[in-house]
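Novice: Let me give you the structure first, and then I'll get to my questions.
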Amino acid sequence: MKRLERDFFEQSTLDVAQQLIGKSMMFENVQGVITETEAYVGQDDPACHAARGLTPRNAVMFGPAGHSYVYFIYGMYFCLNFVTEKEGFPAAVLIRGVFIKSPFEKHLNGPGKLCRDFGITKEHNGIDLTLSPQLYVLRESQPLPYITTPRIGIRVGTDKLWRFVADPRQI
């Protein structure tokens, strides 16, 4: 199976967020179908971690597309994002939900649950998804219908309909 290449991640963040729905994400020996994403687009997006500029925490967002951006929130959860667009423009897609297919079946509906169950931590920040044998996304996908909603878990930028959610029962 072929993985997504850099040009996929270099697209518009909104396009990437929508096109990731139904794609299989691989982490070590676990495979899951992406069922929910949210887009965070540049310094003009008040909910984006880059809204206040470059910091050590968000530096990977300013780098090349196709890298993982993993951060820690609420003192207890890691969140996995995929960096998008052109280098120097900070944007990323938060992976909010995955239906694990192999080696067991389970729906992970939340970025904290996803990272906890996959074992994704801060040490996985900055992984090149186009080269890594550990973390990547397969090119093939299951077309899944999805709905578009406002992003959740944020206080600003809630007017943006940049959350994309598929029904895991469709898998």
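Novice: Which of the residues spanning the range 111-131 are crowded, with 16+ Cβ neighbours inside 10 Å and assigned to a loop (DSSP other than H, G, I, E, B)?
Specialist: Listed by number, the residues that qualify are Ile120, Asn125, Ile127, Leu129, Thr130.
Novice: Of the numbered conditions (1) touching a Lys or Arg at 6+ places or on another chain (Cβ under 9 Å); (2) within 21 Å of Tyr146 (Cβ to Cβ); (3) surrounded by fewer than 22 Cβ atoms within 10 Å (Cβ to Cβ); (4) at pLDDT 95 or above, Ile100 fails exactly one; give the number of that condition.
Specialist: Evaluating Ile100 over (1) touching a Lys or Arg at 6+ places or on another chain (Cβ under 9 Å); (2) within 21 Å of Tyr146 (Cβ to Cβ); (3) surrounded by fewer than 22 Cβ atoms within 10 Å (Cβ to Cβ); (4) at pLDDT 95 or above leaves (4) as the failure.
Novice: Still on this structure, please answer the following. Of the numbered conditions (1) over 25 Å from Thr149 (Cα atoms); (2) at pLDDT below 95; (3) out of contact with any Lys or Arg (no Cβ under 7 Å at 6 or more places or on another chain), Gly88 satisfies every one except a single condition; which is it?
Specialist: (2)
Novice: Take the range 46-66 and flag every residue that is surrounded by 16 or more Cβ atoms within 10 Å (Cβ to Cβ), over 19 Å from Asp7 (Cβ atoms) and in contact with a helix residue (DSSP H, G or I) (Cβ under 9 Å, 6 or more places away or on another chain).
Specialist: Of everything in the range 46-66, those that are surrounded by 16 or more Cβ atoms within 10 Å (Cβ to Cβ), over 19 Å from Asp7 (Cβ atoms) and in contact with a helix residue (DSSP H, G or I) (Cβ under 9 Å, 6 or more places away or on another chain) turn out to be Cys48, His49, Ala50.
Novice: Is it the case that Arg52 is of a type in the set (Lys, Arg) and modelled with pLDDT under 95?
Specialist: yes
Novice: Regarding the range 144-160, can at least one residue be identified that is modelled with pLDDT of 95 or more, assigned to a strand (DSSP E or B) and under 15 Å from the mean Cα position of the chain (by Cα)?
Specialist: Looking through the range 144-160, none of the residues is modelled with pLDDT of 95 or more, assigned to a strand (DSSP E or B) and under 15 Å from the mean Cα position of the chain (by Cα).
The values are calculated or read from the model by the stated rules, or taken from the named source; none is laboratory data. These numbers were taken from a predicted model, which means no experiment stands behind them. Neighbour counts run over all protein chains shown; Cβ positions are idealised from the backbone, glycine included.
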